[in-house]
Every structure is written in structure tokens, then in C-alpha cells.
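Engineer: This structure is in C-alpha cells; I'll ask about it shortly.
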Amino acid sequence: MVSKGNQGWFVDPRNGRQIFWGLFAVCLLLALSELLYHKETHFRWESWFDFHGFYGFVCCVFLVLAAKELRKLVKRDEDYYDR
């Protein structure tokens, strides 16, 4: 159990920059690791450098934007269950 005096490493705002650069370094190393092996591809565009990482990022952004628009269709009033 965490006491009020010791809230943990992630709560301290000074550590946000370290977390960001750590994640950036991991992502960069993973992208560069693609240069170390030969890929057997089915389609031509799969052999482009870091295609799968870029494709995953674009799909993730698309899903977030689609969810924002879908929310407009399915959202209920704040007191929907109180009625």
C-alpha cells in the first residue's frame, strides 16, 4: 500500500520527460532493429522500411478519430439512467 507521502515514481511531474524520452528511445531501437534481418514479404509494400510500424500508427490514429465520431451517435444524456 502506498502512503500519502510516497505517491510513486509516475506521479512526480519531473519524471514525465524521462518517461517520454525512454519510450522514444525504445521505439527508435525497435524501428532500427528492422535493418538487422531479412523479411519474407507477400506484398511489395511490406518490404518498405518500417512499414508495419507506420501502418499500425496510422490505424491507431484512425481508430481514435472514428471513436470520437461514433461517440456523437451513441452518447446519452447525463441523466439518462435517472429517468
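The values are calculated or read from the model by the stated rules, or taken from the named source; none is laboratory data. Fair warning: this is a prediction, and the values are worked out from it, not measured in the lab. Note that each Cβ is placed from the backbone with ideal geometry, even for glycine, and that neighbours are counted across all protein chains shown. The accessibility values were calculated without ligands, DNA or RNA, using every heavy atom of the protein model including side chains. Shrake-Rupley method; radii C 1.70, N 1.55, O 1.52, S 1.80 Å.
Engineer: Condition first: among the hydrophobic types (A, V, I, L, M, F, W, C) and open to solvent by less than 100 Å² (accessible area, probe 1.4 Å). Now tell me which residues in region 25-42 satisfy that. Full working, then the answer.
Structural biologist: First, pick out the residues of region 25-42 that are among the hydrophobic types (A, V, I, L, M, F, W, C): 25-32, 35-36.
If the condition is that a residue be among the hydrophobic types (A, V, I, L, M, F, W, C) and open to solvent by less than 100 Å² (accessible area, probe 1.4 Å), then A25, V26, C27, L28, A31, L32 are the ones that fit.
Engineer: Return the pair list, or none, for Cβ contacts closer than 7 Å from residues in region 52-78 that are at pLDDT 90 or above to residues that are loosely packed, with under 10 Cβ neighbours inside 10 Å, at least 6 apart or on different chains.
Structural biologist: Listed pairs, sorted by first residue: none to list.
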